[in-house]
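Report on the following structure.
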Amino acid sequence: MARQLPHEGEKKYLVYAGTGTDLIFNHGLELPGFASFPLLERPETRAILADQMQALVDLADEMDVGCILDAPTWMANADRAAPLGYTAGQLVDVNKDAVSLMEDVRRAAGRDDILVSACIGPRFDPYADIPPISAEDARQYHGDQLRSLKETSVDLVTAYTFNRPSEAAGCILAARDVELPIIMSLVVETDGCLADGTSLVDAINQIDAATNSAALFFMVNCAHPTHFAGALGNHPRLRGIVANASSCSHAELDEADELDEGDPHELGQQVAANARHNPMIKVFGGCCGTDMRHLKSMAIELA
């Protein structure tokens, strides 16, 4: 069944990408390498992953919006899973199993405006001190994970926290190669620019030029609205905001021993203010430090 994707209509969609900090700080779970996919292996932690997305479904139902269920596959690529002991063959099964869990949540809800997405993360930590990967190398690399996802029921994939335009372009091309719709979500610093100083608008334009605009659209994630408010530029290809609860920098958050959940009401107001100035945006949600209080605030303010 082909479902309507966010860029194809006027419906708003909620997404929850803050599952990692929720698992660590609110559920007391350890995530080696910040990978959540190993939790699929145990029934009790598998249930927690399902419950996180069920809470999103319940909120979307209450607020009469659509939602996107992200499978916990963000770290399920070769280089980031190898230190955890996963082989290439095991990762194929992990990616399929993660999507299957999200499909179970959707099936139980029985709604047509719930999309199942699989997360794609960058090859290495986006802040690792490594040379940029070329677009062609990224295309080959991310192709492995995307080919395994093509064999699942996903409606689309979402590439989160990419901050190198060349890798973002390669990932998009890999998705096009296997005919999977892809959303590209970029991460910015407190100045609204990517880590290399490229402005968000320039990065989108560069990536579109290198891929013939093959991505469905772009989002910004893992940053506070005060970081990107002046960087969105009402760009017609930017259609999603997935905001951090905290206004701290990434370096500050990496050193934090306690969860900075910010002010849910204020965050909702700030996200809605960004949306008023950028009316093409249809996907909204929370990243690090957020929970359903933050997402409900966003939905109320947007309504």
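Numbers for the structure displayed
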{"read-out": "Stokes-Einstein D in µm²/s, Kirkwood radius over Cα pairs - the range 10-302 at 25 °C with 0.890 mPa s viscosity", "value": "131 µm²/s"}
{"read-out": "Loop-located trypsin sites (Lys or Arg not before Pro) in the range 1-66, at most 15 other Cβ atoms within 10 Å (DSSP)", "value": "ARG3, LYS11"}
{"read-out": "Test item: Cα-centred dipole of the chain, Lys/Arg +1 and Asp/Glu -1 on Cβ, debye", "value": "1000 debye"}
{"read-out": "Centroid-to-centroid separation of the range 5-30 and the range 109-140 [C-alpha atoms, Å]", "value": "15 Å"}
{"read-out": "Length released on extending from ASP254 to ARG147, taking residue separation times 0.36 nm less the Cα-Cα span", "value": "35.3 nm"}
{"read-out": "Chain lengthening between ALA78 and GLU41 when straightened (0.36 nm per residue, less Cα-Cα)", "value": "11.5 nm"}
{"read-out": "The range 1-109, relative contact order in percent, only Cα pairs under 8 angstrom and at least six apart counted", "value": "30 percent"}
{"read-out": "Stretch in the chain that is longest and holds no GluC sites (Glu not before Pro) that DSSP places in a loop and that have at most 10 other beta carbons within 10 Å", "value": "31-178"}
{"read-out": "Residue order, fewest to most beta carbons within 10 Å, for SER246, SER199", "value": "SER199, SER246"}
{"read-out": "Least to most buried among HIS250, HIS294, HIS224, HIS235 (fewest other Cβ within 10 Å first)", "value": "HIS235, HIS250, HIS224, HIS294"}
{"read-out": "Over the chain, relative contact order from alpha-carbon pairs under 8 Å, at least 6 apart, %", "value": "19 percent"}
{"read-out": "Exposure proxy ranking, count of Cβ atoms within 10 Å, fewest first, for MET63, MET184", "value": "MET63, MET184"}
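Read-outs throughout are calculated quantities, based only on the coordinates presented, and are distinct from any laboratory measurement. Please read all numbers here as calculations on a predicted model, not as lab measurements. Cβ atoms come from the backbone with ideal geometry, glycine included; neighbour counts cover every protein chain shown.
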